[in-house]
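The values are calculated or read from the model by the stated rules, or taken from the named source; none is laboratory data. Nothing here was measured: the structure is a model prediction, and the numbers come from that model. Here Cβ is always computed from backbone atoms with ideal geometry, including for glycine, and neighbour counts include all displayed protein chains. Just the protein is used for accessible areas: all its heavy atoms, side chains included, with ligands, DNA and RNA removed. Shrake-Rupley method; radii C 1.70, N 1.55, O 1.52, S 1.80 Å.
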Amino acid sequence: MLSLASVSAGYGSFQALFGVSLEVPKGEAGGVIGPNGAGKTTLMRVISGLIPMQEGVMTMDGRPVGGLPAHRMVEQGIAHVPEGRRLFPRLTVEENLRIGAFIPQARARFADQLDWVYTLFPRLKDRREQAAGTMSGGEQQMCAIGRALMSKPKVLLMDEPSAGLAPLVVQQVFDLVRRIREEGLTVLIVEQNVQQVLDVVDRAYLLEVGSIKLSGSAAELKNNSFIRQSYIGL
Amino acid sequence: MTFNRVLTLIGLAILIALPTFIPPYFLHLVIQILLWAFIYTAWALMGRFGFVSFGHGAFMGIGAYVPALLWNYYDLTPWIGIPLSLGISVLLAIIIGYPCFRLKVVGHYFALVTLALSQVVLLSLVAARDVTGGSLGFTQKTVGHSWYALQFPDKGYFYGIAVVLWLIGLLAWQRIDHGISREALEAISEDEDAAAAVGINVLREKLRVTVISAALTALGGAIYGQYIMYLNPETVSGIAVSLQIVFASIAGGVYSLLGPTVGSLLTLSLTEGLRVWFGANFIGAANTIYGILLVLCIIFMPQGIVGTIEGIKARRRRMAKPSAAPSNVRT
């Protein structure tokens, strides 16, 4: 469904990604793991159009989408849950969700999508009138995911959903990811929490210094001695 | 709601009847209040979303000078000159806005860029002395009562025009407030990247509101120029005017429909009142008091006067109705 071939990108003269290729088939979940500064967030921002792609080909359902600006990517069915959640803190939960359905296609289905998100995350319904910035980290993550789902995406990009959360809440966030997968959504998730992420994805890529060093099914990577030594600590 | 509607109707009736019973000096004040209220409202269209422009003096100056110059030198009617000045303001807004928004120049940096814009237009007006009269100012050729020249010795006409203009300003505010643009702009003002990530065309939304705001400000400047019939770079353009626009709007309240209008009412009555009261006794005292009051206003009522009153009302309503929704950070 989402496919990247030899994608390069960077900031000004600094290159952060060197010919990255990856594939997320429909209905599957892909994971990108790697250390700090490997280019994981850059990769997510390139896919969601926040950073322009310098080279390579990116397709969505076979259509080339590389180089589109962020607001057009959402129309192509790619929704992004940014790193650090990035909610609109002074707006209420429901206002955040409403803005999530900003694009015309989503606006027309706003009520249905809102029901769906509230069924997935009943907690958000309880908190609908609350300013998003005043909720706990886990609830904010829930709201950020809900906001992305409001555009009825085909692919959901999640950047470090567990970052900055307490261990128990991290567990809850990964439960959320499982629930979203059960809804049939295609997911691409970037995480430093290697052990946890390999439990929820089908296929994973190891990104180091801007290029893919290893890739394989989640089970393969879990048993890979390099990953076990460097990232799981066994 | 119906009560509010009745109040609105009574207000409009008084507004229509006003010129028949107040003395010319006060009519002059009311016209100025309305014209400035229009300009402040135009500024607040973007100011309320945190796009603080210190460059609106430039748009006002262009609005005032372009039709006047065209009239004096080419006998071109303001009916063509004003749309031209609006066009020039829009063009300038795009020339400044596009790179700023593209390169994510926001907050203080945006304020500085627009501040420079104010100064550039002011200096250009002063430097083009042979054409604009420089710091000595500029007076339009008078032809007496004329719709063609948009000149009316009878203040009643300008009063009518000012009321219509002011209502146009309020209408523009309402249109944005009730439209989807408001959601988009609110999101952008909170977090530009997140707004882009949910599908908002950040550049387009910001540019659109900037262009609308600049065009309306130029229109306000044009009518103000036609009314006053004497243009001076310092009084219709430049940093002083830009600052006046920013402070008066904020003091009145940029988050409320009538905030900028109250800001205009307050600042003008204050300057006039202090001026009349002090007369020639303590030169500068009026300005000092005016400045102090403005600073106090902004410190203690960051939501502006109207915003603060609305906040108090909302709190009362909530106390009267304990089942109401839990409080929200915004008022």
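Some points to look at:
- Among the residues listed as B:Leu84, B:Leu91, the single one being within 22 Å of the chain's Cα centre (by Cα), over 25 Å from B:Val202 (Cβ atoms) and free of Cβ contacts under 8 Å to residues at least 40 places away in the same chain: B:Leu84
- Annotation: of all residues in the stretch A:181-234 being of a type in the set (Asp, Glu) and outside any helix (DSSP H, G or I), the one that is surrounded by the fewest Cβ atoms within 10 Å (Cβ to Cβ) is A:Glu183.
- Flag if A:Glu75 is in contact with a Gly (Cβ under 8 Å, 6 or more places away or on another chain), facing another protein chain (nearest Cβ under 10 Å), free of Cβ contacts under 8 Å to residues at least 60 places away in the same chain and among the acidic types (Asp, Glu): yes
For every residue, the table says whether it meets (1) surrounded by fewer than 15 Cβ atoms within 10 Å (Cβ to Cβ); (2) outside any helix (DSSP H, G or I).
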position	(1), (2)
B:Ile95	yes, no
B:Lys104	yes, yes
B:Leu112	yes, no
B:Leu115	no, no
B:Gln119	no, no
B:Leu123	yes, no
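- Taking the listed residues A:Gly66, A:Gly84, the one that is more than 8 Å from chain B (Cβ to nearest Cβ), at pLDDT below 90, open to solvent by less than 70 Å² (accessible area, probe 1.4 Å) and farther than 20 Å from A:Val177 by Cβ is A:Gly66, with no other qualifying.
- If the condition is being surrounded by 22 or more Cβ atoms within 10 Å (Cβ to Cβ) and of a type in the set (D, E, K, R), then the stretch A:28-53 contributes A:Lys40, A:Arg45.
- Matching residues, the stretch B:272-298, being open to solvent by less than 50 Å² (accessible area, probe 1.4 Å) and closer than 22 Å to B:Ala42 by Cβ: B:Leu294, B:Cys297
- Scanning the stretch B:1-56 for residues that are outside any helix (DSSP H, G or I) and not β-branched (Val, Ile, Thr) gives B:Met1, B:Pro23, B:Arg48, B:Phe49, B:Gly50, B:Phe51, B:Ser53, B:Phe54, B:Gly55.
- Check on A:Pro167, farther than 15 Å from A:Val93 by Cα, within 14 Å of chain B (Cβ to nearest Cβ) and either free of Cβ contacts under 8 Å to residues at least 12 places away in the same chain or in contact with a Phe, Trp or Tyr (Cβ under 9 Å, 6 or more places away or on another chain) (or both): no
- Among residues of the stretch A:95-128, those that are facing chain B (nearest Cβ under 8 Å) and either over 19 Å from B:Ala184 (Cα atoms) or at pLDDT 95 or above (or both), counted: 0
- Selected residue (only one of A:Val57, A:Val20 is touching a strand residue (DSSP E or B) at 6+ places or on another chain (Cβ under 9 Å) and either without any contact (Cβ under 8 Å) to a residue 60 or more places away in the chain or not in a strand (DSSP E or B) (or both)): A:Val57
- Filtered residue count, the stretch B:125-146, keeping only those that are open to solvent by less than 60 Å² (accessible area, probe 1.4 Å), part of a helix (DSSP H, G or I) and touching a Phe, Trp or Tyr at 6+ places or on another chain (Cβ under 9 Å): 2
- Sole exception among (1) of a type in the set (Gly, Ala, Ser); (2) out of contact with any strand residue (DSSP E or B) (no Cβ under 7 Å at 6 or more places or on another chain); (3) part of a loop (DSSP other than H, G, I, E, B) for A:Gly66, by number: (2)
- Which listed residue, of A:Arg109, A:Arg98, is in contact with an Asp or Glu (Cβ under 7 Å, 6 or more places away or on another chain) and farther than 27 Å from A:Glu191 by Cα: A:Arg98
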